[in-house]
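The values are calculated or read from the model by the stated rules, or taken from the named source; none is laboratory data. Computed from a predicted model, the values in this text were never measured in an experiment. Cβ coordinates were reconstructed from backbone atoms using ideal geometry, including for glycine residues, and neighbour counts include every protein chain displayed.
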There are 2 protein chains.
Amino acid sequence: MRIVSSGTASLTFPALPDGLDTPRVIVDLARVARNIATLQDELDRRGIALRPHAKTHKSIAIARMQVAAGAKGITVGTLGEAEVFVAAGITDVFLAYPLRADGPKAARLRALHAAAPALRVGVDSAGSAAVLAAAITGSDRPLTVLIEVDPGNRRTGVDSPAAVVGVARAAREAGLVVGGVFSHGGHGYWTGGALDAGTDEVRALTAAAEALHATGIACTTISAGSTPTMLTAAAGAVTEMRAGTYVYGDRQQWALGAISADGCAVAVAATVVSVHGDRIVLDAGAKALTKDRADWLTGFGAIVGYPELVIERVNDYHGVVAAPPGIARPSLGQIVAIVPNHVCPVIDLVDSVVAVAADGRAEEWRVDARGRSG
Amino acid sequence: MRIVSSGTASLTFPALPDGLDTPRVIVDLARVARNIATLQDELDRRGIALRPHAKTHKSIAIARMQVAAGAKGITVGTLGEAEVFVAAGITDVFLAYPLRADGPKAARLRALHAAAPALRVGVDSAGSAAVLAAAITGSDRPLTVLIEVDPGNRRTGVDSPAAVVGVARAAREAGLVVGGVFSHGGHGYWTGGALDAGTDEVRALTAAAEALHATGIACTTISAGSTPTMLTAAAGAVTEMRAGTYVYGDRQQWALGAISADGCAVAVAATVVSVHGDRIVLDAGAKALTKDRADWLTGFGAIVGYPELVIERVNDYHGVVAAPPGIARPSLGQIVAIVPNHVCPVIDLVDSVVAVAADGRAEEWRVDARGRSG
């Protein structure tokens, strides 16, 4: 994989609104709408459902834009996220996580299942299937689970078709409905083959579904998902795609080739607060940009319009930028737009964003599910 | 500097409360009280004031514990933090940051200055001094500033005694009161000489104060600060220490030698949600532990009681732990305590923590200034 140092010359972002109080997260709604429409149209053409992962935006308003454009429902990563969206009326939710529903989570799952009949939950072990079933004991309808398959990501998910069958049988015996299988091709982020990971997803999901069919368990949902694999995994037997980051884009997705240079819909606005010698300091640090940086990215974000500047260090409230002599740099007090490396954790830091419409009108939009990490 | 791989055998944390909904940040109040008393007593003995940095805990209750133990006031890093603590009656606040008080921040500074007469603000340039003065135009009393001196951290701050005098003169001409100088010896975190950085602070601050005295400007405050340098910089002409992380401690401070193995007062409780082959997965990922990891630390936190396990990867909601055969590991569904690498950004992710008293009683405490990053 190429090392992306500065090299972000081509990354663009629309002009920032006036009068910003930095640091501030800016969302360009025209780009959001285009990102939503582009993927939706392509998946419609392929006959594959889109169930975007809402952990990226954590926003009821953005989720409604996705559903209005044709998304089948949403994906979430935590019970807390599911609760927020279900309460807002977005009830076709897949919790794509091997939820361990004991302790306080048992009652939360039971309440969510009562409020959202279409709710489905991930599982990757017989043990956690039993705990899921116990949590909804007494409910008047069963809970549907999808079994997670590991396509090579080495995170969660079972690693063989035989193991899928084992978990499926245990889930059925516990009283759960097996609705299908799902995967996340995240290994592309760290192995250098982000797009190819989609092929792994299709292969692993197909084998899992075939093994289930052979034992008489129908897979109505075969769900793949990640932004780098959103096109390569939307193929074959796959019925559903769960990309999340595509809606906002970020520097990492651009570097992976998953979005175009004008596809980044989010930037962090920051002010130059200090200029000394060969460095400048921005008021966006680790509590605004995070320390998320893949090994193959240099710096903690791309400063739009200053492609040769590198954000070398971030402390809590300081972003330290190497600015050698002879290279263009913003001046003291100037506000710049930074495209973050990874947008998902950046959004989770802020209670609200500034959403800018195509006509330039800016509104404050809540990040409804911020901090709902469990 | 030694590389801290797993090697966290000696790190301890008290037993977790029952019935936790993970991931959850746990604060052990007995350890907090001991950390507060230990540093306060030592600085009292040296005749140096303690003004702890509140960005670590962002908690009104913890700040009150610090003040009750003898802290002179608090330090903050942003206007937003200052607003929260001043509104709660903690008004002796130093904003240790080169604030750029234009745009919406001008009115915010004016209101804060009116509410908190003891407020002081950092400055490191003539340009930002003029903006500070303009922001409080019309106020019935001047604003006091401390001039930031760079002790070798290469972040903010002026880098010579002559430059200190230049900024001080500009500040006075603009109508500000110059109250002294301050530094942050953060370069120890990345140069491998964390404790020695305190010596750099004392030297840089002394030279700056002498240069100001020589031009007839008295330095009533000579303020140093960071947790690694909290003892080495509390010396000579220094009048005030601004350590922050000492109150909670973390794996990084332990590795730097700044706190003891039983000094970590914060852990993230997490559940084992998946076990496959040579790995286990926890429900604490980058949105619970952050991706903060110094180059000389291996893994994204220390799992208490499992010193050989390494949290190799964190995704938003997944912490992937290498667990080779033959090494003790927690089982599916078990809850573990993780001492985070860097506690400050971890606290900023959560709206509340579980504060556990010495008698075992657990209460939910708000993180009052969470997200106030500007």
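Assorted remarks:
- Condition met for A:VAL86 (of a type in the set (A, V, I, L, M, F, W, C), closer than 22 Å to A:VAL367 by Cα and in contact with a helix residue (DSSP H, G or I) (Cβ under 9 Å, 6 or more places away or on another chain)): yes
- Every residue from segment B:107-130 that is under 20 Å from A:VAL281 (Cα atoms) and of a type in the set (A, V, I, L, M): B:VAL121, B:VAL123, B:ALA126, B:ALA129, B:ALA130
- Residue in segment A:72-87 that is assigned to a helix (DSSP H, G or I) and not assigned by TED's automatic domain parsing to the domain that holds A:SER223 present: no
- Flag if B:ALA49 is within 14 Å of another protein chain (Cβ to nearest Cβ), aliphatic (A, V, I, L, M) and either out of contact with any Phe, Trp or Tyr (no Cβ under 8 Å at 6 or more places or on another chain) or within 22 Å of A:HIS318 (Cβ to Cβ) (or both): no
- Criterion applied to A:VAL343, A:VAL321 was being closer than 30 Å to A:GLU81 by Cβ, more than 9 Å from chain B (Cβ to nearest Cβ) and not polar (S, T, N, Q), and the one residue passing it is A:VAL343.
- Strands (runs of 3 or more DSSP E) (entirely within segment A:188-296) containing at least 2 residues that are among the hydroxyl-bearing types (Ser, Thr, Tyr), more than 30 Å from B:ALA163 (Cβ to Cβ) and outside the structural domain of A:VAL346 (by TED's automatic domain parsing): A:221-224
- Single residue of segment B:113-130 satisfying the filter (touching an Asp or Glu at 6+ places or on another chain (Cβ under 6 Å) and crowded, with 21+ Cβ neighbours inside 10 Å) that is farthest from the other protein chains (Cβ to nearest Cβ): B:GLY122
- The condition (being more than 21 Å from B:ASP292 (Cα to Cα) and within 13 Å of chain B (Cβ to nearest Cβ)) is satisfied by just one residue among A:GLY244, A:GLY305: A:GLY244.
To keep it simple, each residue is scored yes or no on (1) surrounded by 24 or more Cβ atoms within 10 Å (Cβ to Cβ); (2) within 14 Å of another protein chain (Cβ to nearest Cβ); (3) modelled with pLDDT of 95 or more.
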residue	(1), (2), (3)
B:MET230	yes, no, no
B:ALA235	no, no, no
B:TYR248	yes, yes, yes
B:GLN252	yes, yes, no
B:THR271	yes, yes, yes
B:GLY277	no, yes, no
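- Among residues that are among the acidic types (Asp, Glu) and assigned to a loop (DSSP other than H, G, I, E, B), A:ASP44 is not included.
- Set A:ALA328, A:ALA258: member being more than 9 Å from chain B (Cβ to nearest Cβ) and either closer than 20 Å to A:ASP28 by Cβ or touching a residue at least 24 places away in the same chain (Cβ under 8 Å) (or both): A:ALA258
- Flag for B:THR206 being polar (S, T, N, Q) and buried (at least 24 other Cβ atoms within 10 Å of the Cβ): no
- Among residues of segment A:151-166, those that are within 13 Å of another protein chain (Cβ to nearest Cβ) and either surrounded by fewer than 24 Cβ atoms within 10 Å (Cβ to Cβ) or hydroxyl-bearing (Ser, Thr, Tyr) (or both), counted: 8
- Of the residues examined, A:THR91 is one that is surrounded by fewer than 20 Cβ atoms within 10 Å (Cβ to Cβ), polar (S, T, N, Q) and under 26 Å from the mean Cα position of the chain (by Cα).
- Candidates B:ASP316, B:ASP348, filtered to the one that is surrounded by fewer than 24 Cβ atoms within 10 Å (Cβ to Cβ), at the interface with another protein chain (Cβ under 10 Å from one of its Cβ atoms), under 21 Å from B:HIS53 (Cβ atoms) and of a type outside the set (S, T, N, Q): B:ASP348
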